[in-house]
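Here is the structure we will look at, set down as structure tokens.
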Amino acid sequence: MEKLDNILLNAKNEIDNANEKQSLNNVYQKYLGKDGIVTQELKHMKELSQDEKKTFGMEINRIKNEIFMLIKNREKDFERLKIEKQIESTQFVDLTVPSRERRGSLHPITILQEKLIDIFLSMGFTVEDGNEIETEYNNFEAVNIPKNHPARDMQDTFYLENGQVLKTHTSAAQNRIMRKYGAPLKAIFPGRCFRNEELDASHENTFFQIEGMMIDKDVSVANLIYFMKEMLTNVFGKEINVRLRPGFFPFVEPGFELDISCPYCDGKGCKVCKHSGWIELCPCGMIHPNVLKMGGIDPEKYQGFAFGLGFSRLAMMNYDITEIRLLNSGNIKALSQAKIK
Ligand code: DAH
């Protein structure tokens, strides 16, 4: 028995000292191979008495198994050491380790635009494209702002040498879209707009709007209120009340400023709504008959509403961004702090 213990002890040492596959294999052959030490011992079994056979048999089997397990474990060590070495020599790339680099994400404006598009699509509107460079006609005349009209002052913009302009509002696409589809029509057209503005915390020379138009028989202010309420309730994820105040825009009659009940304090009054319970959100109105006519639609037969939602503002409100300039800044650090809901 003592001899067996010594065999195990020696085998253990040799296994520990083996540091590559070949030497481990040698140890295996030395002990467990055909002519190995343990195998030889097993052969002596037949010289023993029945009782001795039993105890010796159990013991030598235990030792055989233990040596076998030690060799297997040592093999696993080799695998681990190999991987560790590869990691050290940087040949190994573990794709499951999270990157230390900043992850990319969509811009808050894009996220909000996609949300608004989804909402309007679900209400049966189509989504149209508008040009960024427009004719003066489409940007102004076609929406009832003739030359020398004072409303042009409020929308000073950048003129190109060929007389075209960077569009000052998404309304610039109204005429093209009416001509393309005729009535009835239910469309939104998001886009980037440009104005020659004095810059401050809430004014930028480049900003985003979504224009919406619905033209059909018997369209009234009630339809306008319904769709705006529905859209806002979806954006803010809770019921939002709206109210209309009179507002002047040459392309609508009557024209309105649409206010929403403050989504932060539910109309009770807070800093954001300057304690009034309401926030001015979006101009809108019933499309002026001149605009319909210029779009090739008979105002005797059809009416419609239109709105121009400044969603740079809406994005600021929705994501708690206080500086409009941040939206166009490409400042990833600041934008990634926007509280995307
Ligand atoms: N185009 C206007 C602007 O940018 C906004 C606007 C007002 C659009 C009333 C509309 C509307 O469609 O009905 O100032």
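The values are calculated or read from the model by the stated rules, or taken from the named source; none is laboratory data. What you see is a predicted model, and the numbers here were worked out from it, not measured in a lab. A quick note on method: Cβ atoms are made from the backbone with ideal geometry, for glycine too, and the neighbour counts reach across all protein chains shown. Keep in mind that these areas ignore ligands, DNA and RNA; they rest on the heavy atoms of the full protein, side chains included. Shrake-Rupley method; radii C 1.70, N 1.55, O 1.52, S 1.80 Å.
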*Pick from the stretch 152-181 the residues that are in a helix (DSSP H, G or I) and of a type in the set (S, T, N, Q): which of them is nearest to the ligand (Cβ to nearest atom)?*
S171
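Out of F236, F227, which single residue is under 33 Å from the mean Cα position of the chain (by Cα) and within 16 Å of the ligand (Cβ to nearest atom)?
Sole residue among the options that is under 33 Å from the mean Cα position of the chain (by Cα) and within 16 Å of the ligand (Cβ to nearest atom): F227.
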*For the stretch 304-341, what are the residues that are open to solvent by less than 60 Å² (accessible area, probe 1.4 Å) and not in a helix (DSSP H, G or I)?*
G304, F305, A306, F307, G308, L309, G310, I321, G330, A338
*Scan the stretch 260-316 residue by residue and report those that are among the aliphatic types (A, V, I, L, M) and touching a Cys at 6+ places or on another chain (Cβ under 7 Å).*
V272, I279, A306, L309
*Would it be correct to say that K186 is touching a strand residue (DSSP E or B) at 6+ places or on another chain (Cβ under 6 Å) and basic (K, R)?*
yes
*Only one of (1) within 30 Å of the chain's Cα centre (by Cα); (2) away from the ligand (no atom under 13 Å from the Cβ); (3) open to solvent by less than 20 Å² (accessible area, probe 1.4 Å) fails for I210. Which number is that?*
(2)
*Kindly list the number of the only condition in (1) closer than 27 Å to N223 by Cβ; (2) among the β-branched types (V, I, T); (3) exposed (fewer than 10 other Cβ atoms within 10 Å of the Cβ) that fails for V93.*
(1)
_Checking P184 against (1) away from the ligand (no atom under 16 Å from the Cβ); (2) closer than 20 Å to I279 by Cα, the condition it does not meet_ = (2)
_Counted residues, the stretch 108-148 - those being surrounded by 20 or more Cβ atoms within 10 Å (Cβ to Cβ) and of a type in the set (A, V, I, L, M, F, W, C)_ = 9
*Hits in the stretch 182-207 (condition: assigned to a loop (DSSP other than H, G, I, E, B) and either closer than 23 Å to S312 by Cβ or open to solvent by 60 Å² or more (accessible area, probe 1.4 Å) (or both))*: P184, R195, N196, E197, E198, L199, A201, S202, E204, N205
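When only residues in the stretch 239-271 that are basic (K, R) and modelled with pLDDT of 95 or more count, which is nearest to the ligand (Cβ to nearest atom)?
Only one residue tops the list, namely R245.
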*asked:* Can you tell me which of (1) at pLDDT 95 or above; (2) closer than 23 Å to I324 by Cα; (3) not in a loop (DSSP other than H, G, I, E, B) is the one L224 doesn't meet?
replied: (2)
*Going through the stretch 259-271 one residue at a time, which ones are within 28 Å of the chain's Cα centre (by Cα) and either open to solvent by 40 Å² or more (accessible area, probe 1.4 Å) or aliphatic (A, V, I, L, M) (or both)?*
I260, Y264, D266
*For the stretch 84-128, how many residues meet the condition of being of a type in the set (D, E, K, R) and either part of a helix (DSSP H, G or I) or in contact with a Pro (Cβ under 7 Å, 6 or more places away or on another chain) (or both)?*
6
*In the stretch 272-286, residue nearest to the chain's Cα centre (by Cα) [restricted to those that are open to solvent by less than 10 Å² (accessible area, probe 1.4 Å) and within 16 Å of the ligand (Cβ to nearest atom)]*: C282
*For the stretch 45-71, enumerate the residues that are farther than 21 Å from N6 by Cβ and open to solvent by 80 Å² or more (accessible area, probe 1.4 Å).*
K46, Q50, D51, K54
*Count of the stretch 234-258 residues which are touching a Gly at 6+ places or on another chain (Cβ under 8 Å) and open to solvent by 70 Å² or more (accessible area, probe 1.4 Å)*: 4
